[in-house]
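Have a look at this one.
The values are calculated or read from the model by the stated rules, or taken from the named source; none is laboratory data. These numbers come from a predicted model, not from an experiment. FYI the Cβ positions are ideal-geometry reconstructions off the backbone, even for glycines, and counts take in every protein chain you see. Please note that ligands, DNA and RNA were not included when accessible areas were found on the heavy atoms of the full protein model with its side chains. Shrake-Rupley method; radii C 1.70, N 1.55, O 1.52, S 1.80 Å.
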Amino acid sequence: MAHVTDPDEIGAAATADAAGTADAAGTAARTSRAEQTRTAIIDTALRMFREKGYEATTMRAIAREAGVATGNAYYYFGSKEELIQEFYQRNQADHFTACRDVLDTQTQFAARLRGVLCALIDVMGPYHALAAKFFKHAAEPTSPLSPFSKASSPARDAAIGIYREVIDGAVGRIDPDLRSRLPELLWLYSMGIVLFWVHDTSPGCAKTYRLIDRTVPLADRLISLSRLRALRAVSRQVIAIVDDMRS
């Protein structure tokens, strides 16, 4: 005999489905509002850091300008340092997107490295004034804003990952011992470029781009020569120095 569904069961199921849909919609709306609030706080903080300086800007002032309660701002970000870390990660994500074209189309190491470094400066360009203002905090060895700090490790690891991709997608051989450490060495090289950029007052930071153009071929040449037996010892010495400085 055919089973006859109880109308009450049908109604209960429909009610449950409707409730589930409403709950999902409510959760999505809350998530959207939360992301909007986070974005507003970050954007406001970066603007105020540029305009007033990092030290002079307080969390209370950021919250007021963003139109949220101070407690709400602290709910999303426990300190100004956390806001800067968010900026680092946002900047890193933008850099990853900006260098996709060169990494997807170029196979020569020098072209890949130059494209990634130029993309980094392009992405950071709008924040040049901000970088100059809070660089003294980032340069402090014990500061969580330092690119070498534990707090900065997510952005640092992501950046090193980009330079690993530069190497992996390039034609040509590299000394195996150097290859495993080269992504970190290239990241350190990029930090030198960034330091120069922070102090670059030339129009459009033209000197920074010129520095990239002049040093990338040199880096490419040195890495190519690392395959030679006579220079392998030099590569190992460089790696040993980096390890010693990190310990």
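Per residue, how many Å² of accessible area does segment 100-141 show with a 1.4 Å probe? List each step's numbers first, then the result.
Numbers: 1960 Å² over 42 residues.
Per-residue value: 47 Å².
Then there is this: Kindly state, to the nearest 0.05, the FRET efficiency for Leu195 paired with Ala34, given R0 = 35 Å and r defined as their beta-carbon distance.
0.45
Rounded to whole Å and ordered largest first, report the semi-axes of the equivalent ellipsoid of segment 91-177 derived from its Cα gyration tensor (root of 5λ).
27, 16, 10
If you take the beta carbon distance between Arg90 and Ala240 as r and set R0 to 30 Å, what does 1/(1 + (r/R0)^6) give as a FRET efficiency, to the nearest 0.05?
Between Arg90 and Ala240 the formula returns 0.30.
Let me ask you something else. Dipole of segment 171-211, Cα-centred, from +1 at each Lys and Arg C-beta and -1 at each Asp and Glu C-beta, to the nearest 20 debye? Kindly include the intermediate steps, with their values, before the conclusion.
Values: 5 positive and 4 negative charges, 25 e Å.
The calculated dipole for segment 171-211 is roughly 120 debye.
Right, another one. Evaluate the Debye formula for segment 149-206 with equal point scatterers sitting on the alpha carbons, no solvent, and hand back log10 of I(q)/I(0) at q = 0.13 Å⁻¹, in q order, two decimals.
One equal scatterer on each Cα of segment 149-206 leads to -0.45.
Tell me which lysines have Cα within less than 17 Å of Lys150's Cα, excluding those fewer than 8 residues away on the same chain?
Within the straight-line cut-off, Lys150 pairs with Lys80.
Explain nothing, just compute: Karplus ³J(HN,Hα) = 6.51 cos²θ - 1.76 cosθ + 1.60, θ = phi - 60°, for every residue of segment 214-225 in order, whole Hz, x for Gly and Pro.
8, 9, 4, x, 5, 4, 4, 5, 5, 5, 5, 6
Still on this structure: Describe numerically, in nm with one decimal, the distance between label points set 7 Å from Cα along Cα→Cβ at Thr105 and at Lys52.
Distance between the two pseudo-spin positions: 4.4 nm.
What distance in nm separates the simple spin-label points at Asp177 and Thr142, each placed 7 Å from Cα in the Cβ direction?
3.7
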